[in-house]
Amino acid sequence: MGKSYKKVLIVRTGAIGDVVHTTNLVHSLKEAYPDIKIHYMTNGSLNFIFASDSSVEKIIPIDPKFKLFSNDFKTLVKELKEEKYDIAINLQPSFKIKLLLFLSGISKQLIYRKNFKIHAVTNFWQTGLKAFPLMKEQNAIKLILSEDTIQKSKEKLKDFKRPLIVFNAGGMFSKRQGRTYPKDKWIELGNKLHGKYNGTIVLTGEKGDKGFLAPLNAINNSVNYIGELSLEDSCGIISQCDLMISGDSGPLHIACALNVNSIGLYGSMPVNRTGCYSSGINIKSNKNCVPCNRRKCKYLKGTTEIYAPCMKEIETDEIIKAAKRFLG
């Protein structure tokens with residue numbers, strides 16, 4: 001198998017971290033079968049992940065909230081039919097995606113099944129292995145940015161004192177609790193790192209976090225880009241920094257894929273499943289309920305507290321100790 005397939009469609013929509021985790025599969029597949037044509041279907045906002053990647057011949061944008069049998073749906077079915085794919089690696093096995101691929105005439109589908117015993121990167125890679133046995137799992141995930149994005153980021157950061165340390169403190173309003181570190185601890189951590197290394201703390205995050213995280217401006221020698229940059233430009237900023245510190249999030253996995261030194265802070269989420277892949281340091285809470293992998297923390301129910309106990313108990317000194325391994 002594998003050699004008979006000339007053209008493959010890979011599908012993954014949803015969170016950016018999940019799409020970044022599939023890059024190992026893409027590069028392993030192209031390395032083992034260099035003549036194969038790889039097309040990738042994902043959220044339109046995530047097209048840039050593969051736009052500068054020579055392993056992917058074509059990117060097909062899709063609205064993850066598409067409605068079955070709408071005009072857009074019918075147009076997409078027609079487009080996929082015309083491509084005449086030999087096989088699809090369906091890493092987003094919802095009913096809608098399965099039906100979309102079936103109606104598009106792709107008779108052979110490899111269906112992803114989540115396995116919490118292994119890392120997500122390996123889980124995605126093993127899905128493709130069923131039809132492409134010559135693939136060898138690579139020891140890294142890799143995100144390739146455009147030269148324009150990199151140069152813009154270099155220009156933006158050129159006057160700031162190194163080391164440049166990124167804080168991704170956002171995600172407070174995500175569907176999952178137990179992944180965000182408290183604001184007061186970010187401030188404490190930032191001032192300790194500045195006192196120790198005399199560098200710059202770079203704050204990144206989504207527009208929705210901007211007001212909530214405004215107190216982080218109190219960090220000495222910090223620069224605040226929260227809500228100011230596109231996702232692609234945020235990736236560019238991260239690529240030029242010396243260290244990323246974040247809870248389990250898309251930006252953390254972006255940093256890993258850009259080969260940036262990374263420290264992941266883990267509470268509810270299982271490190272063995274979504275920890276920094278192959279590089280970086282994962283710091284996890286020692287509470288006996290960790291990892292619960294729950295969307296809602298049982299200890300926050302009926303309270304006004306917004307931070308899960310597992311994340312609150314991670315001490316800044318533990319993070320400083322981890323940072324020393326990267327910054328000296």
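Tell me, which residue of region 185-219 that is at negative phi and polar (S, T, N, Q) is surrounded by the fewest Cβ atoms within 10 Å (Cβ to Cβ)?
Ranking the qualifying residues of region 185-219, first place goes to 217.
Run down 197, 181 and say which single residue is in contact with a Pro (Cβ under 8 Å, 6 or more places away or on another chain) and of a type in the set (Ser, Thr, Tyr).
Exactly one of 197, 181 is in contact with a Pro (Cβ under 8 Å, 6 or more places away or on another chain) and of a type in the set (Ser, Thr, Tyr), namely 197.
Can you name the residue in region 274-301 that is modelled with pLDDT of 90 or more and of a type in the set (Gly, Ala, Ser) and is also surrounded by the most Cβ atoms within 10 Å (Cβ to Cβ) among such residues?
My answer is 275.
Output yes when any residue across region 66-83 is loosely packed, with under 13 Cβ neighbours inside 10 Å, of a type in the set (Gly, Ala, Ser) and either assigned to a helix (DSSP H, G or I) or over 27 Å from the mean Cα position of the chain (by Cα) (or both), and no when none is.
yes
Restricting to region 147-161, give me the number of residues that are part of a loop (DSSP other than H, G, I, E, B) and exposed (fewer than 14 other Cβ atoms within 10 Å of the Cβ).
3
Go through (1) outside any helix (DSSP H, G or I); (2) of a type in the set (Gly, Ala, Ser); (3) touching a helix residue (DSSP H, G or I) at 6+ places or on another chain (Cβ under 7 Å); (4) modelled with pLDDT under 95 for residue 45 and report which single condition fails.
(1)
Restricting attention to region 220-233, and to residues there that are surrounded by fewer than 23 Cβ atoms within 10 Å (Cβ to Cβ) and in contact with a strand residue (DSSP E or B) (Cβ under 8 Å, 6 or more places away or on another chain), which single residue is farthest from residue 165 (Cα to Cα)?
Across region 220-233, the extreme among qualifying residues is 229.
Which ones in region 197-247 are under 17 Å from the mean Cα position of the chain (by Cα), among the charged types (D, E, K, R) and part of a helix (DSSP H, G or I)?
Once the filter is applied, which keeps residues that are under 17 Å from the mean Cα position of the chain (by Cα), among the charged types (D, E, K, R) and part of a helix (DSSP H, G or I), region 197-247 yields 232, 233.
Which residues, taken from region 249-272, are of a type in the set (Val, Ile, Thr) and within 23 Å of residue 321 (Cβ to Cβ)?
260, 263, 271
If you take the residues of region 162-184 that are of a type in the set (Ser, Thr, Tyr) and surrounded by 23 or more Cβ atoms within 10 Å (Cβ to Cβ), which of them is nearest to the chain's Cα centre (by Cα)?
That would be 180.
Would you confirm, using the coordinates I've provided, whether residue 192 is touching a residue at least 60 places away in the same chain (Cβ under 8 Å), assigned to a loop (DSSP other than H, G, I, E, B) and farther than 26 Å from residue 15 by Cβ?
On the way: touching a residue at least 60 places away in the same chain (Cβ under 8 Å): yes; assigned to a loop (DSSP other than H, G, I, E, B): no; farther than 26 Å from residue 15 by Cβ: yes.
Taking the combined requirement at face value, the residue does not satisfy it.
The values are calculated or read from the model by the stated rules, or taken from the named source; none is laboratory data. It should be emphasised that the depicted structure is a prediction, and the values quoted were computed from it without experimental measurement. All Cβ positions, even for glycine, are placed from backbone atoms using ideal geometry, and neighbour counts span all protein chains on display.
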